[in-house]
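Read-outs throughout are calculated quantities, based only on the coordinates presented, and are distinct from any laboratory measurement. Note that the structure is a prediction, hence the values are computed from the model and not measured. Quick reminder, even Gly has a Cβ in these numbers, built from the backbone with ideal geometry, and neighbours come from all protein chains shown.
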Amino acid sequence: MKAVLTVALALFANPGFAQDTTPAQLVAKYAAEAGITASAETGKAMFMAMQVGGKPDTPSCSTCHTENPKAMGMARTGKVIEPMAASVNPARFTDTAFVEKWFGRNCDSVFGRECSPAEKANFIAWLSSI
Amino acid sequence: MTRHFLAPLVFAMLSIPILASAQERMSPVTHPATLSECSACHMAFPAGFLPARSWVEIMSTLDNHFGENAGLDAATQAEIQAYLVANAADAGGRSSRLLRGVDPASTPLRISEMQWWKGEHSHEVSARDWERAKSPANCVACHRDAERGYFED
């Protein structure tokens, strides 16, 4: 009984994605907040660049996500990260809370600060265009 | 009021870790938020692997969690901490052989630095095994059923 309960709970524990938004809606929202037109090229450059100010083990978005967002990434723990490119992974950028949580964490790790709405717009614009 | 208290209590009691040394088992994480949030980057480590004070320290320093930001909203953080503490190796004052060699004045943060873990992994694991696993945090690389609480090799 306990085993059944455990397995059932493990299966249902993952909330999945809320599916409460889309990449286009997120780009529009962040771009409007920033008062800019989103630029995929700028987003790509930010993704690839080595940053200063963040934590030493994560100097770039590409450190864990690799330089190919269509490929699997890998966390420092050895765990695989699903691709960031929406074309390959349609679940990406469909859950507002999830997106905000990971921007909050990863921008602090890589940049040592929050990412601005402009940066978020550019980032998602690129990852939803490739 | 009692009804809301009873289910979590029963649940916590069902989750009390029982390590049968012959069978290499440890009750896995079953609390939904803990499982979901703590398996994003590594397997959700069983609460019974660390003493309560270690879980408190880890949960209160999530902004710098072994070199990365793993921050959570306050409510989820509190909920997860409560679960981990309730199911820790020394929960309810019990003693666990996993705490052998742990100085009561210290707060171990890495499961892989604990005496029992080092003992288990010092002889049978080759350099090539470590390369393949990438990190001591990657239990499932070798322990295929670790997420269900089985650590037989």
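Helix content alone sets the calculated 222 nm mean residue ellipticity of chain A: runs of n ≥ 4 DSSP H residues at -39500 (n - 2.57) each, divided across all residues, give -15000 deg cm²/dmol. Model label points for B:His65 and B:Arg132, set 7 angstrom from Cα along the Cα-to-Cβ axis, are 2.8 nm apart. Neighbours of A:Ser129, meaning other residues whose beta-carbon lies under 10 angstrom from its beta-carbon, give a summed charge of 0 when Lys and Arg score +1 and Asp and Glu score -1. For the set A:Lys120/B:Lys134; A:Lys55/B:Lys118; A:Lys70/A:Lys101; A:Lys70/B:Lys118, the pairs lying more than 26 angstrom apart at their alpha carbons are A:Lys120/B:Lys134; A:Lys55/B:Lys118; A:Lys70/B:Lys118.
Summing Lys and Arg as +1 and Asp and Glu as -1 over all other residues whose Cβ lies under 11 Å from the Cβ of B:Lys134 gives a net charge of +1. If you wrap the tightest convex hull around every Cα atom of the protein assembly as shown and split its volume per residue, you get 155 Å³.
Taking 14 Å as the straight-line reach from the Cα of A:Lys29, the aspartates and glutamates in range (excluding those fewer than 8 positions away in the same chain) are A:Asp20, A:Asp95, A:Glu100, A:Glu119. Once Lys and Arg get +1 and Asp and Glu get -1 on their Cβ, which of A:Ser60, A:Gly78, A:Met50 lies farthest toward the positive end of the dipole of chain A? Of A:Ser60, A:Gly78, A:Met50, it is A:Gly78. Averaged over peptide A:72-81, the number of partner chain Cβ atoms lying within 10 Å of each residue's Cβ comes to 6. Rg ratio for the stretch B:40-121: its Cα radius of gyration over 2.2 N^0.38 Å, N being its residue count, equals 1.09.
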